[in-house]
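Below is one structure; the comments refer to it alone.
Any read-out appearing in this document is the output of simple, stated calculations on the displayed coordinates, not a laboratory observation. Just so you know, these numbers come straight off a predicted model, no measurement behind them. Methodologically, a virtual Cβ is constructed for each residue, glycine included, from the backbone with ideal geometry; neighbour enumeration extends over all protein chains shown.
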Amino acid sequence: MRITMGTDPKAPLRLASARLSTVRYVFLVHIEDGIPSAAQRAALEYADAILIGWPEEDAEDVVTPDPSQYDFIAQQFDWSEERIGQFIDFERQDKVHDMTDLLVSISDCIAAIRKSYQPEFLLPTFAEIRRVVEDEWNEDMDRIEAENKDAHSGIASADDGADAQTGDSAGPSAGSQSEGR
């Protein structure tokens, strides 16, 4: 990437969003059949936050980095590519937990690249997103648990009613036998 930047300094900006978009999509497809964990949701939302409003190369707030920054940008791009290779291996092995961690790591690299080209753009941290997502996830799980409890409370009431009927039937019989003695 460093060599490419000599003739096309904004190449990483253009390529980084495409790479993260692809990894994000693969991750989404991989987790969509189940109920994503809070960590999976947070990783996905972090990638989304970095990609939302991705700037065009000629946008007003996009700068051409100083050549002294090229090594840093190229390093971030190379690190993201290494992690994408690992991500693909974990996808083949169906290691969703490891894929989740790598999506966060890839997103970190891409966020650093974006920040180099769009220094005034405020990007959230993964920790900030994770905190919000965990709160939402806990609320969702509490709501689901309450709904399941309500849905099954009718079954428990019917069983309680059957027990009460059995108890009532046994009560008079036992009482009748006692009276007969």
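Some observations on this one:
Quick grid of which residues meet (1) in contact (Cβ under 8 Å) with a residue 24 or more places away in the chain; (2) under 21 Å from the mean Cα position of the chain (by Cα):
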{"position": "GLU60", "(1), (2)": "no, no"}
{"position": "ARG83", "(1), (2)": "yes, yes"}
{"position": "GLU91", "(1), (2)": "yes, yes"}
{"position": "SER116", "(1), (2)": "yes, no"}
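- Qualifying positions in region 32-61 - crowded, with 19+ Cβ neighbours inside 10 Å and either touching a Leu at 6+ places or on another chain (Cβ under 6 Å) or aliphatic (A, V, I, L, M) (or both): ALA42, ALA43, LEU44, ALA47, ILE50
- Residues that are among the β-branched types (Val, Ile, Thr) and either assigned to a loop (DSSP other than H, G, I, E, B) or without any contact (Cβ under 8 Å) to a residue 60 or more places away in the chain (or both), drawn from region 23-51: VAL29, ILE35
- All of LEU13, LEU20 fail the test of being in a helix (DSSP H, G or I), in contact with a Phe, Trp or Tyr (Cβ under 6 Å, 6 or more places away or on another chain) and in contact (Cβ under 8 Å) with a residue 24 or more places away in the chain, apart from LEU13.
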